[in-house]
Amino acid sequence: MKLCLLFGLLFFPGVGWSGEAAGWPQFRGPNGQGLAAGGRLPVDLGVDGVLWKVAVSPGHASPVVVGGRIFLAVWEGGQAGMVCLDAATGAEQWKASVPGAALGQVHPTGSEVAATPVCDGQRVMGYFPGFGLVAWDLAGKELWRHPLEAPFVVNGSGTSPVLAEGKLLLCADQQGGKSYLISIEPSDGRTRWRTERPGAVSNYTCPVVWRRGDRADLVVSGNLQATGYDLASGAARWTVGGLEAVSVCPSPVLGEGALYLMSRSLGGGAALPAQMEALLLAADIDGDGRLSRAEAVPLQKDGGFDFFDRDRDGWVGKEEVAACVAYLRRADYGLLAVRDPAGAGGDLSDTHLLWRHQRGIAKVTSPVLVEGKLVVVQEGGMVTATEAASGKVLFEKERLAPEGAGDYFASPISDGRRICFCSLRGVVTIAEVGAGLKVCQQVKLDSPIAATPALVGKRLYVRTRDYLWALGE
């Protein structure tokens, strides 16, 4: 989430981004890589480094910064909406609401507005899972609406729309065999193509574009595998396995000629108790051969019951338990690198895997690739760095001391040298990664940070629970 220079004129080797707008136009910036080429993280995060802060309504959606404007999805008065702020001062320029955009189920630490908007320099577009897609011009005039069926996503939707080479793209993975990938025309909201993903279940990642010469693959990281789609038609080209079965959160990273994928929710199928079926069915207190939500105590955390209740009838039967346990046992986890498929298709798991490891893997945050190193922050503020070319772990679980403990929902971002980490405790850390981890600056803001920040030039925009901050020079 960040920026204010000409990304249409910049090129990240191996990333394959063709930018539609100058600035930080979508989740994790150009092509979702968390890199602000030409940006510079502030060296002073103290009083002198606070340029302004303004109160904002709650939400986990990240700020988008284009053309001197900040766009922010908000949840206010039981209603979703979009706010436009002046990037120089934080002053509100306009606000718009989206009626009927409530989404029924959200995790206690989640948000009704987790989807980061996207801006192509002419319009800003937001995804509101309880309604669909909405576009406004830069002055706040609504341009079009594209209603979509409200998805049933365990713990609430966490994906965001992205822009790629003139296309608006959304991956709406959910329960019930209703997952899909859709391409929308930004100018009028019409559907260009839609590809069903019936085997996919709830995940929280965003697609990225892997361009190599005249070939462009839209890569979606989801349950059990990542899939490469033809960007022009939406046709599936290839798959790579080795991911978790549920709750895949980290988005793909590109660079050094490779694709990098990461996941860790349950810790892979091998982490499942060998007698899970017996343990679950032993909770059948009334002996009717099925579990109610009240009986299924082991499944009440983090949407477990809803995952097992595949037909959503409010009960989990023996067949559902057996099917889900078998499905979960197919899972794996870790950080892995995939070489260029070139013209290859089908399952590339055995032929194109460069390396993988299972050390220092995060559940929620995405990696960032800086100076040939993949950097990951996980719970507790522990950072692991891996050499992207070889998969060698350079250091593992070094702490963002002294204040950087706690959970991390915001993904790290970088200016190409330093890295910014933001914790759920509200601590912003600027660090460098070499042979080890060096903390350069650290400051505690007023409230929790769940949204990934934005870097625009020399300004860092950080959304806390209660405020949007501009830090910099």
(request) Scan the stretch 153-177 for residues that are more than 15 Å from VAL134 (Cα to Cα) and polar (S, T, N, Q) and jot them down. (result) ASN155, SER157, THR159, GLN174, GLN175
(request) Please specify each residue of the stretch 123-156 satisfying the condition of being of a type in the set (Phe, Trp, Tyr), touching a Pro at 6+ places or on another chain (Cβ under 9 Å) and either modelled with pLDDT of 95 or more or farther than 11 Å from VAL98 by Cα (or both). (result) TYR127
(request) Take the stretch 409-421 and flag every residue that is out of contact with any Phe, Trp or Tyr (no Cβ under 7 Å at 6 or more places or on another chain) and assigned to a loop (DSSP other than H, G, I, E, B). (result) PHE409, ALA410, SER411, ASP415, GLY416, ARG417
(request) Given the conditions (1) closer than 28 Å to ILE419 by Cβ; (2) surrounded by fewer than 23 Cβ atoms within 10 Å (Cβ to Cβ), report the number of the one that ALA337 does not fulfil. (result) (2)
(request) Working carefully through the options ASP173, ASP214, find the one that is crowded, with 24+ Cβ neighbours inside 10 Å and charged (D, E, K, R). (result) ASP173
(request) Looking only at the stretch 373-385, decide whether some residue is of a type in the set (Ser, Thr, Tyr) and either touching a Ser or Thr at 6+ places or on another chain (Cβ under 6 Å) or outside the structural domain of VAL208 (by TED's automatic domain parsing) (or both). (result) no
(request) Please go through the stretch 153-201 and pick out each residue that is of a type in the set (S, T, N, Q), closer than 30 Å to PHE305 by Cβ and touching a Lys or Arg at 6+ places or on another chain (Cβ under 6 Å). (result) SER179
(request) Out of ASP120, ASP137, report the one residue that is in contact (Cβ under 8 Å) with a residue 40 or more places away in the chain, touching a strand residue (DSSP E or B) at 6+ places or on another chain (Cβ under 8 Å) and surrounded by fewer than 24 Cβ atoms within 10 Å (Cβ to Cβ). (result) ASP120
(request) Filter the stretch 59-103 down to residues that are closer than 18 Å to ASP466 by Cα, in contact with a Phe, Trp or Tyr (Cβ under 7 Å, 6 or more places away or on another chain) and of a type in the set (Gly, Ala, Ser) and give me whichever is modelled with the lowest pLDDT. (result) GLY59
(message) Consider the stretch 229-258. How many of its residues are in contact with a Ser or Thr (Cβ under 9 Å, 6 or more places away or on another chain) and in a strand (DSSP E or B)?
(response) 8
(message) List the residue pairs whose Cβ atoms are under 9 Å apart, where the first residue sits in the stretch 39-57 and is surrounded by fewer than 17 Cβ atoms within 10 Å (Cβ to Cβ) and among the hydroxyl-bearing types (Ser, Thr, Tyr), the second is at pLDDT 95 or above and in a loop (DSSP other than H, G, I, E, B), and the two are 6 or more positions apart or on different chains.
(response) none
(message) Tell me whether the stretch 34-41 contains one or more residues that are on the phi > 0 side of the Ramachandran plot and either over 21 Å from the mean Cα position of the chain (by Cα) or at pLDDT 95 or above (or both).
(response) yes
(request) Among what's in the stretch 399-425 and is of a type outside the set (A, V, I, L, M, F, W, C) and surrounded by 19 or more Cβ atoms within 10 Å (Cβ to Cβ), pick the residue that is nearest to GLN378 (Cα to Cα). (result) TYR408
(request) Can you give me the ranges of the strands (runs of 3 or more DSSP E) entirely in the stretch 115-223 with at least 3 residues that are under 18 Å from the mean Cα position of the chain (by Cα)? (result) 123-128, 162-164, 167-172, 180-184, 208-212, 215-221
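The values are calculated or read from the model by the stated rules, or taken from the named source; none is laboratory data. This structure is a prediction, so every number in the text was calculated from the model and none was measured. Positions of Cβ are generated from backbone atoms using ideal geometry, with glycine treated the same way; all protein chains shown enter the neighbour counts.
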